[in-house]
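*Asks:* Structure provided below as C-alpha coordinates; questions to follow.
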Amino acid sequence: MTLDHAARAVNARLRELPAVDRLVEAVLAGSGLARWSALAAVRELLDETRAALVAGAADVPVGLAELAAAAAARARRLEMPFPRRVLNATGVVLHTNLGRAPLARGALDELLAAAAGYSDLELDLETGRRGSRTTRIGELLRLLSGAEAAHVVNNTAAALFLAVDTLAAGREVIVSRGELVEIGGSFRVPEIMAASRARLREVGTTNRTHLRDYRDAIGPDTGLLLKVHRSNFRIEGFTAEVELGGLAALAREHGLPLVEDRGSGSFIDLGPEGIPESDASSGLRAGADLVLFSGDKLLGGPQAGIIVGKRALVERMKKSPLARALRVDKLTLAALGWTLRALAAGRASEIPVLQMLRASASALEARAEMLASRLRAAGVPRVTVEVGHSPVGGGALPELELPGAVVRLIPAGSANEAVRRLRDGDPPVLARIQRDALLFDPRTLADEDLEPLVRRVAELAR
Ligand SMILES: *Cc1c(COP(=O)(O)O)cnc(C)c1O
(Lines give C-alpha, C1' and ligand atoms only; values in the text may rest on other atoms or scores of the structure.)
Protein backbone atom coordinates (compact mmCIF):
# COMPACT_ATOMS: atom_id res chain seq x y z
CA MET A 1 0.00 0.00 0.00
CA THR A 2 1.39 3.41 -0.91
CA LEU A 3 1.14 6.35 1.41
CA ASP A 4 -0.72 9.27 0.00
CA HIS A 5 0.79 12.72 -0.05
CA ALA A 6 -0.82 13.95 3.19
CA ALA A 7 0.23 10.89 5.17
CA ARG A 8 3.77 11.29 3.91
CA ALA A 9 3.79 14.91 5.03
CA VAL A 10 2.60 13.86 8.50
CA ASN A 11 5.31 11.24 8.75
CA ALA A 12 7.92 13.80 7.78
CA ARG A 13 6.76 16.13 10.53
CA LEU A 14 6.66 13.29 13.08
CA ARG A 15 10.28 12.52 12.21
CA GLU A 16 11.16 16.18 12.78
CA LEU A 17 10.13 15.93 16.45
CA PRO A 18 13.13 16.02 18.78
CA ALA A 19 13.97 12.95 20.86
CA VAL A 20 12.80 12.92 24.50
CA ASP A 21 16.33 13.19 25.94
CA ARG A 22 17.27 16.10 23.76
CA LEU A 23 14.11 17.99 24.61
CA VAL A 24 14.52 17.29 28.33
CA GLU A 25 18.06 18.73 28.23
CA ALA A 26 16.73 21.79 26.42
CA VAL A 27 14.05 22.25 29.10
CA LEU A 28 16.55 21.85 31.94
CA ALA A 29 19.19 24.18 30.50
CA GLY A 30 19.46 27.06 32.95
CA SER A 31 15.79 26.75 33.99
CA GLY A 32 16.21 25.56 37.57
CA LEU A 33 13.56 22.92 36.87
CA ALA A 34 13.87 19.36 38.15
CA ARG A 35 14.38 16.35 35.87
CA TRP A 36 11.20 14.56 37.06
CA SER A 37 8.95 17.41 36.03
CA ALA A 38 10.83 18.14 32.80
CA LEU A 39 10.62 14.48 31.78
CA ALA A 40 6.91 14.22 32.61
CA ALA A 41 6.14 17.45 30.74
CA VAL A 42 8.19 16.45 27.69
CA ARG A 43 6.58 13.01 27.41
CA GLU A 44 3.10 14.46 27.72
CA LEU A 45 3.79 17.24 25.23
CA LEU A 46 5.36 14.90 22.65
CA ASP A 47 2.43 12.47 22.97
CA GLU A 48 -0.04 15.29 22.41
CA THR A 49 1.96 16.73 19.52
CA ARG A 50 2.17 13.33 17.79
CA ALA A 51 -1.57 12.78 18.26
CA ALA A 52 -2.32 16.24 16.84
CA LEU A 53 -0.08 15.65 13.81
CA VAL A 54 -1.66 12.26 13.11
CA ALA A 55 -5.09 13.86 13.41
CA GLY A 56 -4.06 16.24 10.65
CA ALA A 57 -3.45 19.45 12.60
CA ALA A 58 -1.36 21.78 10.47
CA ASP A 59 -0.08 24.44 12.84
CA VAL A 60 1.46 22.35 15.63
CA PRO A 61 4.93 23.56 16.59
CA VAL A 62 7.59 20.87 16.22
CA GLY A 63 10.78 22.93 16.62
CA LEU A 64 13.10 22.31 19.56
CA ALA A 65 12.89 25.82 21.02
CA GLU A 66 9.11 26.10 20.85
CA LEU A 67 8.57 22.63 22.31
CA ALA A 68 11.11 23.29 25.07
CA ALA A 69 9.36 26.52 26.06
CA ALA A 70 5.96 24.81 26.15
CA ALA A 71 7.30 21.86 28.14
CA ALA A 72 9.08 24.16 30.60
CA ALA A 73 5.80 25.94 31.33
CA ARG A 74 4.15 22.59 32.04
CA ALA A 75 7.05 21.44 34.20
CA ARG A 76 6.90 24.68 36.20
CA ARG A 77 3.17 24.08 36.79
CA LEU A 78 3.86 20.55 38.02
CA GLU A 79 6.42 21.84 40.51
CA MET A 80 4.30 24.74 41.74
CA PRO A 81 2.63 24.17 45.13
CA PHE A 82 -1.15 24.19 44.97
CA PRO A 83 -3.17 25.95 46.24
CA ARG A 84 -0.85 28.91 46.03
CA ARG A 85 -1.00 31.85 48.41
CA VAL A 86 -2.43 34.93 46.69
CA LEU A 87 -2.84 38.49 47.92
CA ASN A 88 -6.55 39.26 48.11
CA ALA A 89 -6.98 43.00 47.61
CA THR A 90 -10.59 42.65 46.45
CA GLY A 91 -12.07 43.27 49.89
CA VAL A 92 -14.34 40.24 49.44
CA VAL A 93 -13.90 38.48 52.77
CA LEU A 94 -15.50 35.13 51.90
CA HIS A 95 -14.63 34.26 48.35
CA THR A 96 -15.16 30.63 47.36
CA ASN A 97 -12.66 30.93 44.50
CA LEU A 98 -10.05 32.20 46.96
CA GLY A 99 -10.56 29.43 49.51
CA ARG A 100 -13.08 31.26 51.76
CA ALA A 101 -12.01 31.79 55.39
CA PRO A 102 -8.31 32.19 56.21
CA LEU A 103 -7.65 30.35 59.47
CA ALA A 104 -6.58 31.93 62.75
CA ARG A 105 -3.06 31.43 64.07
CA GLY A 106 -4.40 29.31 66.93
CA ALA A 107 -6.38 27.07 64.57
CA LEU A 108 -3.27 26.63 62.42
CA ASP A 109 -1.17 25.63 65.42
CA GLU A 110 -3.66 22.94 66.42
CA LEU A 111 -4.04 21.75 62.85
CA LEU A 112 -0.27 21.45 62.56
CA ALA A 113 0.01 19.51 65.82
CA ALA A 114 -2.72 17.11 64.71
CA ALA A 115 -1.12 16.70 61.31
CA ALA A 116 2.45 16.20 62.48
CA GLY A 117 1.93 13.23 64.78
CA TYR A 118 -0.47 10.58 65.99
CA SER A 119 -3.56 11.61 67.90
CA ASP A 120 -6.51 10.29 69.89
CA LEU A 121 -8.76 10.90 66.88
CA GLU A 122 -10.79 7.73 67.43
CA LEU A 123 -9.48 6.57 70.76
CA ASP A 124 -10.95 7.24 74.19
CA LEU A 125 -7.82 7.84 76.26
CA GLU A 126 -9.66 7.13 79.55
CA THR A 127 -10.98 3.71 78.66
CA GLY A 128 -8.54 2.77 75.92
CA ARG A 129 -11.53 1.90 73.77
CA ARG A 130 -12.44 3.07 70.35
CA GLY A 131 -14.04 6.52 70.29
CA SER A 132 -15.92 8.62 67.78
CA ARG A 133 -14.07 11.37 65.94
CA THR A 134 -16.98 13.79 66.15
CA THR A 135 -18.00 13.44 69.82
CA ARG A 136 -15.87 16.31 71.07
CA ILE A 137 -16.74 18.71 68.28
CA GLY A 138 -20.39 17.78 68.85
CA GLU A 139 -20.10 18.80 72.52
CA LEU A 140 -18.77 22.22 71.54
CA LEU A 141 -21.43 22.70 68.89
CA ARG A 142 -24.16 21.79 71.37
CA LEU A 143 -22.76 24.20 73.91
CA LEU A 144 -22.64 27.05 71.39
CA SER A 145 -25.93 26.40 69.61
CA GLY A 146 -28.06 25.15 72.46
CA ALA A 147 -29.07 22.23 70.22
CA GLU A 148 -29.70 18.70 71.56
CA ALA A 149 -27.25 17.18 69.12
CA ALA A 150 -24.71 18.07 66.48
CA HIS A 151 -22.56 16.51 63.80
CA VAL A 152 -20.02 17.61 61.21
CA VAL A 153 -19.46 16.40 57.66
CA ASN A 154 -17.32 17.53 54.75
CA ASN A 155 -19.32 20.63 53.77
CA THR A 156 -22.88 21.95 53.68
CA ALA A 157 -23.59 20.24 50.38
CA ALA A 158 -22.74 16.95 52.11
CA ALA A 159 -24.84 17.90 55.14
CA LEU A 160 -27.86 18.61 52.96
CA PHE A 161 -27.35 15.45 50.95
CA LEU A 162 -27.07 13.38 54.11
CA ALA A 163 -30.15 15.03 55.62
CA VAL A 164 -32.50 14.54 52.68
CA ASP A 165 -31.14 11.10 51.81
CA THR A 166 -31.50 9.82 55.37
CA LEU A 167 -34.62 11.58 56.55
CA ALA A 168 -36.68 11.54 53.35
CA ALA A 169 -35.53 8.37 51.56
CA GLY A 170 -38.18 7.39 49.03
CA ARG A 171 -40.26 10.41 50.00
CA GLU A 172 -40.70 14.04 49.05
CA VAL A 173 -38.80 17.08 50.21
CA ILE A 174 -40.93 20.20 49.90
CA VAL A 175 -39.01 23.32 48.82
CA SER A 176 -40.13 26.73 47.57
CA ARG A 177 -39.35 27.46 43.91
CA GLY A 178 -37.79 30.69 45.14
CA GLU A 179 -35.16 28.67 46.99
CA LEU A 180 -33.95 26.24 44.33
CA VAL A 181 -30.60 27.97 44.40
CA GLU A 182 -27.27 27.43 42.76
CA ILE A 183 -24.26 28.37 44.85
CA GLY A 184 -20.68 28.55 43.61
CA GLY A 185 -21.54 26.94 40.27
CA SER A 186 -21.60 23.35 41.51
CA PHE A 187 -24.05 23.32 44.41
CA ARG A 188 -27.58 23.15 43.06
CA VAL A 189 -30.43 22.19 45.32
CA PRO A 190 -32.39 20.25 42.64
CA GLU A 191 -29.29 18.26 41.67
CA ILE A 192 -28.45 17.37 45.26
CA MET A 193 -32.01 16.15 45.63
CA ALA A 194 -31.86 14.15 42.38
CA ALA A 195 -28.67 12.42 43.50
CA SER A 196 -30.28 11.37 46.80
CA ARG A 197 -33.01 8.86 47.51
CA ALA A 198 -35.42 11.72 48.22
CA ARG A 199 -37.64 13.41 45.65
CA LEU A 200 -37.92 17.14 45.17
CA ARG A 201 -41.41 18.61 45.49
CA GLU A 202 -41.37 22.22 44.32
CA VAL A 203 -44.01 24.60 45.61
CA GLY A 204 -44.94 28.23 44.98
CA THR A 205 -43.38 30.40 42.30
CA THR A 206 -40.01 32.06 41.84
CA ASN A 207 -41.09 35.27 43.56
CA ARG A 208 -43.95 34.20 45.81
CA THR A 209 -44.53 31.17 47.99
CA HIS A 210 -47.24 31.04 50.65
CA LEU A 211 -47.85 28.80 53.63
CA ARG A 212 -50.84 27.28 51.83
CA ASP A 213 -48.50 26.16 49.00
CA TYR A 214 -46.59 24.05 51.50
CA ARG A 215 -49.80 22.87 53.19
CA ASP A 216 -51.37 21.80 49.90
CA ALA A 217 -48.28 19.78 48.97
CA ILE A 218 -48.14 17.82 52.21
CA GLY A 219 -49.37 14.27 51.87
CA PRO A 220 -48.52 10.67 52.76
CA ASP A 221 -45.35 10.88 50.65
CA THR A 222 -43.91 13.93 52.38
CA GLY A 223 -40.57 13.29 54.08
CA LEU A 224 -39.53 16.73 55.22
CA LEU A 225 -39.84 20.48 54.72
CA LEU A 226 -36.72 22.29 53.59
CA LYS A 227 -35.93 26.00 53.77
CA VAL A 228 -32.86 27.13 51.83
CA HIS A 229 -31.19 30.44 52.46
CA ARG A 230 -30.80 32.62 49.37
CA SER A 231 -27.15 33.13 50.09
CA ASN A 232 -26.01 34.83 46.93
CA PHE A 233 -28.98 36.73 45.54
CA ARG A 234 -32.10 38.67 46.45
CA ILE A 235 -35.57 38.69 45.04
CA GLU A 236 -37.16 42.11 45.12
CA GLY A 237 -40.52 43.58 44.17
CA PHE A 238 -43.73 41.57 44.40
CA THR A 239 -42.47 38.81 46.68
CA ALA A 240 -43.62 36.55 49.48
CA GLU A 241 -41.87 33.85 51.39
CA VAL A 242 -42.77 31.85 54.46
CA GLU A 243 -40.54 32.48 57.45
CA LEU A 244 -39.15 29.56 59.43
CA GLY A 245 -41.57 30.17 62.29
CA GLY A 246 -44.58 29.67 60.03
CA LEU A 247 -43.09 26.57 58.49
CA ALA A 248 -42.24 25.20 61.92
CA ALA A 249 -45.87 25.33 63.04
CA LEU A 250 -46.95 23.54 59.85
CA ALA A 251 -44.23 20.90 60.21
CA ARG A 252 -45.23 20.22 63.83
CA GLU A 253 -48.88 19.98 62.89
CA HIS A 254 -48.00 17.17 60.44
CA GLY A 255 -45.21 15.55 62.45
CA LEU A 256 -42.64 16.37 59.75
CA PRO A 257 -39.03 17.44 60.24
CA LEU A 258 -38.13 20.98 59.17
CA VAL A 259 -34.58 21.46 57.89
CA GLU A 260 -32.95 24.84 57.33
CA ASP A 261 -30.00 25.04 54.95
CA ARG A 262 -28.74 28.44 56.03
CA GLY A 263 -25.36 28.16 54.36
CA SER A 264 -23.55 30.66 56.53
CA GLY A 265 -23.72 31.41 60.22
CA SER A 266 -21.79 31.99 63.39
CA PHE A 267 -22.46 31.76 67.10
CA ILE A 268 -22.24 35.47 67.70
CA ASP A 269 -24.64 38.15 66.59
CA LEU A 270 -22.98 40.44 64.07
CA GLY A 271 -26.11 42.55 63.60
CA PRO A 272 -24.57 45.56 65.38
CA GLU A 273 -21.68 45.39 62.90
CA GLY A 274 -24.11 45.61 59.99
CA ILE A 275 -24.06 41.91 59.13
CA PRO A 276 -27.61 40.59 59.17
CA GLU A 277 -28.73 37.01 59.81
CA SER A 278 -25.41 35.96 61.25
CA ASP A 279 -26.67 33.90 64.20
CA ALA A 280 -26.69 30.22 63.22
CA SER A 281 -28.88 29.30 66.20
CA SER A 282 -31.71 31.62 65.23
CA GLY A 283 -33.16 28.91 62.99
CA LEU A 284 -33.37 26.49 65.90
CA ARG A 285 -35.11 29.08 68.04
CA ALA A 286 -37.55 29.73 65.21
CA GLY A 287 -38.46 26.04 65.24
CA ALA A 288 -36.23 24.30 62.68
CA ASP A 289 -35.42 20.72 63.67
CA LEU A 290 -32.07 20.80 61.91
CA VAL A 291 -29.88 23.69 60.82
CA LEU A 292 -27.03 23.23 58.33
CA PHE A 293 -24.22 25.69 57.67
CA SER A 294 -20.62 25.88 56.52
CA GLY A 295 -17.53 25.97 58.70
CA ASP A 296 -15.62 28.24 56.33
CA LYS A 297 -18.07 31.08 55.82
CA LEU A 298 -19.07 33.46 58.66
CA LEU A 299 -17.91 30.98 61.28
CA GLY A 300 -14.35 31.63 60.11
CA GLY A 301 -13.11 28.06 60.37
CA PRO A 302 -12.14 25.28 57.98
CA GLN A 303 -14.36 23.78 55.29
CA ALA A 304 -17.01 21.70 57.05
CA GLY A 305 -20.75 21.06 57.01
CA ILE A 306 -22.17 21.71 60.46
CA ILE A 307 -25.41 20.04 61.49
CA VAL A 308 -27.19 21.10 64.70
CA GLY A 309 -30.63 20.12 65.93
CA LYS A 310 -32.84 17.32 67.26
CA ARG A 311 -31.06 14.30 68.65
CA ALA A 312 -33.21 11.64 66.97
CA LEU A 313 -32.61 13.16 63.53
CA VAL A 314 -28.89 13.72 64.02
CA GLU A 315 -28.46 10.14 65.29
CA ARG A 316 -30.20 8.74 62.22
CA MET A 317 -27.91 10.75 59.98
CA LYS A 318 -24.79 9.64 61.87
CA LYS A 319 -25.81 6.00 61.38
CA SER A 320 -26.21 6.33 57.61
CA PRO A 321 -23.47 4.57 55.62
CA LEU A 322 -23.09 7.88 53.80
CA ALA A 323 -21.89 9.54 57.00
CA ARG A 324 -18.69 7.51 56.74
CA ALA A 325 -18.18 8.61 53.15
CA LEU A 326 -18.80 12.25 54.03
CA ARG A 327 -16.77 12.36 57.24
CA VAL A 328 -14.29 15.11 58.09
CA ASP A 329 -10.58 14.53 58.54
CA LYS A 330 -8.48 15.23 61.61
CA LEU A 331 -7.11 18.51 60.23
CA THR A 332 -10.63 19.88 59.87
CA LEU A 333 -11.55 18.75 63.37
CA ALA A 334 -8.46 20.36 64.87
CA ALA A 335 -9.03 23.72 63.17
CA LEU A 336 -12.79 23.69 63.75
CA GLY A 337 -12.31 22.72 67.40
CA TRP A 338 -10.04 25.70 67.98
CA THR A 339 -12.47 28.04 66.21
CA LEU A 340 -15.42 26.85 68.31
CA ARG A 341 -13.44 27.13 71.55
CA ALA A 342 -12.38 30.66 70.61
CA LEU A 343 -16.06 31.58 70.13
CA ALA A 344 -17.04 29.91 73.40
CA ALA A 345 -14.29 31.80 75.23
CA GLY A 346 -15.33 35.17 73.81
CA ARG A 347 -12.18 35.38 71.68
CA ALA A 348 -13.96 35.98 68.38
CA SER A 349 -11.54 38.85 67.81
CA GLU A 350 -8.84 36.28 67.00
CA ILE A 351 -10.79 34.90 64.04
CA PRO A 352 -9.58 36.57 60.81
CA VAL A 353 -12.98 36.59 59.06
CA LEU A 354 -14.52 38.41 62.01
CA GLN A 355 -11.56 40.80 62.29
CA MET A 356 -11.97 41.69 58.62
CA LEU A 357 -15.74 42.11 58.79
CA ARG A 358 -15.54 44.16 61.97
CA ALA A 359 -12.66 46.39 60.86
CA SER A 360 -13.73 49.99 61.48
CA ALA A 361 -13.94 52.51 58.68
CA SER A 362 -11.33 54.69 60.39
CA ALA A 363 -8.88 51.79 60.83
CA LEU A 364 -9.33 50.84 57.17
CA GLU A 365 -8.82 54.42 56.09
CA ALA A 366 -5.60 54.60 58.08
CA ARG A 367 -4.37 51.36 56.47
CA ALA A 368 -5.34 52.60 53.01
CA GLU A 369 -3.39 55.85 53.63
CA MET A 370 -0.40 53.84 54.79
CA LEU A 371 -0.55 51.55 51.74
CA ALA A 372 -0.92 54.56 49.44
CA SER A 373 2.11 56.31 50.89
CA ARG A 374 4.19 53.13 50.62
CA LEU A 375 3.15 52.79 46.98
CA ARG A 376 4.08 56.42 46.28
CA ALA A 377 7.42 55.92 48.04
CA ALA A 378 8.02 52.93 45.73
CA GLY A 379 7.55 55.21 42.72
CA VAL A 380 3.94 54.34 41.84
CA PRO A 381 2.15 57.40 40.39
CA ARG A 382 -1.56 58.34 40.35
CA VAL A 383 -2.42 56.79 43.73
CA THR A 384 -5.29 58.14 45.85
CA VAL A 385 -7.40 56.95 48.80
CA GLU A 386 -11.14 56.67 48.47
CA VAL A 387 -13.49 56.38 51.42
CA GLY A 388 -16.90 54.73 51.13
CA HIS A 389 -18.91 51.54 51.25
CA SER A 390 -17.49 48.47 49.58
CA PRO A 391 -18.92 45.07 48.72
CA VAL A 392 -17.36 42.56 51.09
CA GLY A 393 -19.86 39.75 50.72
CA GLY A 394 -19.18 38.06 47.42
CA GLY A 395 -21.28 34.94 46.96
CA ALA A 396 -21.56 34.13 50.65
CA LEU A 397 -23.09 37.37 51.98
CA PRO A 398 -25.26 38.86 49.26
CA GLU A 399 -24.94 42.56 48.64
CA LEU A 400 -23.29 43.08 52.00
CA GLU A 401 -21.56 46.45 51.92
CA LEU A 402 -19.57 47.80 54.82
CA PRO A 403 -17.95 51.21 55.28
CA GLY A 404 -14.25 51.18 54.44
CA ALA A 405 -11.58 52.69 52.26
CA VAL A 406 -9.64 51.64 49.18
CA VAL A 407 -6.46 52.67 47.43
CA ARG A 408 -7.26 53.78 43.90
CA LEU A 409 -4.63 53.57 41.19
CA ILE A 410 -4.79 54.64 37.56
CA PRO A 411 -2.47 52.33 35.64
CA ALA A 412 -0.44 53.55 32.65
CA GLY A 413 -2.19 51.15 30.26
CA SER A 414 -5.59 49.48 30.46
CA ALA A 415 -6.96 48.40 33.82
CA ASN A 416 -7.76 44.95 32.45
CA GLU A 417 -4.19 44.46 31.34
CA ALA A 418 -2.92 45.65 34.73
CA VAL A 419 -5.08 43.18 36.71
CA ARG A 420 -3.97 40.42 34.36
CA ARG A 421 -0.32 41.22 35.02
CA LEU A 422 -0.91 41.44 38.78
CA ARG A 423 -2.59 38.03 38.74
CA ASP A 424 0.21 36.54 36.72
CA GLY A 425 3.25 37.28 38.89
CA ASP A 426 4.54 36.03 42.22
CA PRO A 427 2.75 36.28 44.56
CA PRO A 428 -0.40 36.70 42.46
CA VAL A 429 -2.39 39.82 43.38
CA LEU A 430 -6.17 40.14 43.00
CA ALA A 431 -7.63 43.63 42.83
CA ARG A 432 -10.96 45.17 41.89
CA ILE A 433 -11.48 47.16 38.71
CA GLN A 434 -13.51 50.36 38.65
CA ARG A 435 -13.69 51.72 35.10
CA ASP A 436 -10.08 52.70 34.24
CA ALA A 437 -8.78 52.31 37.80
CA LEU A 438 -7.59 49.49 40.06
CA LEU A 439 -8.87 49.38 43.63
CA PHE A 440 -6.88 47.77 46.45
CA ASP A 441 -8.94 47.09 49.56
CA PRO A 442 -6.90 46.80 52.76
CA ARG A 443 -9.71 44.91 54.54
CA THR A 444 -8.64 41.53 53.15
CA LEU A 445 -4.89 42.16 53.25
CA ALA A 446 -2.85 40.86 56.18
CA ASP A 447 -0.01 43.01 57.53
CA GLU A 448 2.56 40.69 55.98
CA ASP A 449 0.82 41.07 52.59
CA LEU A 450 1.61 44.79 52.29
CA GLU A 451 5.31 44.54 51.46
CA PRO A 452 4.89 42.01 48.61
CA LEU A 453 1.83 43.92 47.38
CA VAL A 454 3.81 47.17 47.10
CA ARG A 455 6.59 45.31 45.27
CA ARG A 456 4.17 43.73 42.78
CA VAL A 457 2.33 46.98 42.09
CA ALA A 458 5.63 48.85 41.68
CA GLU A 459 6.57 46.31 38.96
CA LEU A 460 3.53 47.50 37.00
CA ALA A 461 4.81 51.05 36.93
CA ARG A 462 8.08 49.89 35.35
C1 LIG B 1 -22.63 28.05 50.74
C2 LIG B 1 -23.93 27.38 50.81
C3 LIG B 1 -24.03 26.00 50.59
C4 LIG B 1 -22.85 25.18 50.22
O5 LIG B 1 -21.96 25.09 51.28
P6 LIG B 1 -20.60 24.26 51.12
O7 LIG B 1 -20.06 24.22 52.50
O8 LIG B 1 -19.77 25.04 50.15
O9 LIG B 1 -20.96 22.92 50.59
C10 LIG B 1 -25.26 25.42 50.70
N11 LIG B 1 -26.36 26.13 50.98
C12 LIG B 1 -26.31 27.46 51.19
C13 LIG B 1 -27.56 28.18 51.50
C14 LIG B 1 -25.08 28.12 51.12
O15 LIG B 1 -25.03 29.44 51.33
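*Asks:* Here are the criteria: (1) without any contact (Cβ under 8 Å) to a residue 24 or more places away in the chain; (2) within 29 Å of Leu94 (Cβ to Cβ); (3) of a type in the set (Asp, Glu). Tell me which single one Asp165 does not satisfy.
*Replies:* So Asp165 meets the others, but not (1).
Results for (1) more than 11 Å from the ligand (Cβ to nearest atom); (2) more than 14 Å from His229 (Cα to Cα); (3) β-branched (Val, Ile, Thr), shown as yes or no for each residue.
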| position | (1), (2), (3) |
| --- | --- |
| Asn154 | no, yes, no |
| Ala157 | no, no, no |
| Val175 | yes, no, yes |
| Gly178 | yes, no, no |
| Ile183 | no, no, yes |
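*Asks:* Only one of these is in contact (Cβ under 8 Å) with a residue 60 or more places away in the chain and either open to solvent by less than 10 Å² (accessible area, probe 1.4 Å) or farther than 22 Å from Ile275 by Cα (or both): Gly413, Gly425, Gly379. Name it.
*Replies:* Just a single option satisfies the conditions, and that option is Gly379.
*Asks:* Go through region 117-146 and report how many residues are open to solvent by less than 80 Å² (accessible area, probe 1.4 Å) and touching a residue at least 24 places away in the same chain (Cβ under 8 Å).
*Replies:* Adding up the residues that qualify gives 10.
*Asks:* I need every pair where a residue in region 256-269 that is without any contact (Cβ under 8 Å) to a residue 24 or more places away in the chain has its Cβ under 6 Å from the Cβ of a residue that is surrounded by fewer than 24 Cβ atoms within 10 Å (Cβ to Cβ) and not in a loop (DSSP other than H, G, I, E, B), sequence separation at least 6 or different chains.
*Replies:* Note: pairs meeting the criteria are Asp269/Asp279.
*Asks:* Among (1) open to solvent by 20 Å² or more (accessible area, probe 1.4 Å); (2) touching a strand residue (DSSP E or B) at 6+ places or on another chain (Cβ under 9 Å), which single condition is Ala89 missing?
*Replies:* Among (1) open to solvent by 20 Å² or more (accessible area, probe 1.4 Å); (2) touching a strand residue (DSSP E or B) at 6+ places or on another chain (Cβ under 9 Å), Ala89 violates only (1).
*Asks:* Cβ-Cβ distance below 7 Å, separation of 6 or more or different chains: which pairs start in region 81-100 with a residue that is under 20 Å from Ala368 (Cα atoms) and assigned to a loop (DSSP other than H, G, I, E, B) and end on one that is among the hydroxyl-bearing types (Ser, Thr, Tyr) and away from the ligand (no atom under 16 Å from the Cβ)?
*Replies:* Pairs that qualify, where the first residue is under 20 Å from Ala368 (Cα atoms) and assigned to a loop (DSSP other than H, G, I, E, B) and the partner is among the hydroxyl-bearing types (Ser, Thr, Tyr) and away from the ligand (no atom under 16 Å from the Cβ), are Thr90/Thr444; Gly91/Ser390; Gly91/Thr444; Val92/Thr444; Val93/Thr444.
*Asks:* On to the next question. Being more than 16 Å from the ligand (Cβ to nearest atom), in contact (Cβ under 8 Å) with a residue 12 or more places away in the chain, surrounded by 14 or more Cβ atoms within 10 Å (Cβ to Cβ) and assigned to a loop (DSSP other than H, G, I, E, B), is that true of even one residue in region 107-115?
*Replies:* Within region 107-115 (the criterion being more than 16 Å from the ligand (Cβ to nearest atom), in contact (Cβ under 8 Å) with a residue 12 or more places away in the chain, surrounded by 14 or more Cβ atoms within 10 Å (Cβ to Cβ) and assigned to a loop (DSSP other than H, G, I, E, B)), the answer is no, since none of the residues qualifies.
*Asks:* For Arg50, indicate whether it is open to solvent by 70 Å² or more (accessible area, probe 1.4 Å) and either acidic (Asp, Glu) or closer than 27 Å to Ala344 by Cβ (or both).
*Replies:* Criteria not met by Arg50.
*Asks:* If you don't mind, there's one more thing I want to ask. Tell me, yes or no, whether region 191-209 has at least one residue that is over 22 Å from Ala323 (Cβ atoms), within 16 Å of the ligand (Cβ to nearest atom), under 25 Å from the mean Cα position of the chain (by Cα) and not in a strand (DSSP E or B).
*Replies:* No: zero hits.
*Asks:* Would you say Val308 is part of a strand (DSSP E or B) and more than 14 Å from the ligand (Cβ to nearest atom)?
*Replies:* Considered against the rule, which asks whether it is part of a strand (DSSP E or B) and more than 14 Å from the ligand (Cβ to nearest atom), Val308 comes out as yes.
The values are calculated or read from the model by the stated rules, or taken from the named source; none is laboratory data. Since we're looking at a predicted model, the values are computed, not measured. Cβ atoms come from the backbone with ideal geometry, glycine included; neighbour counts cover every protein chain shown. Note: areas computed on protein heavy atoms with side chains; ligands, DNA, RNA excluded. Shrake-Rupley method; radii C 1.70, N 1.55, O 1.52, S 1.80 Å.
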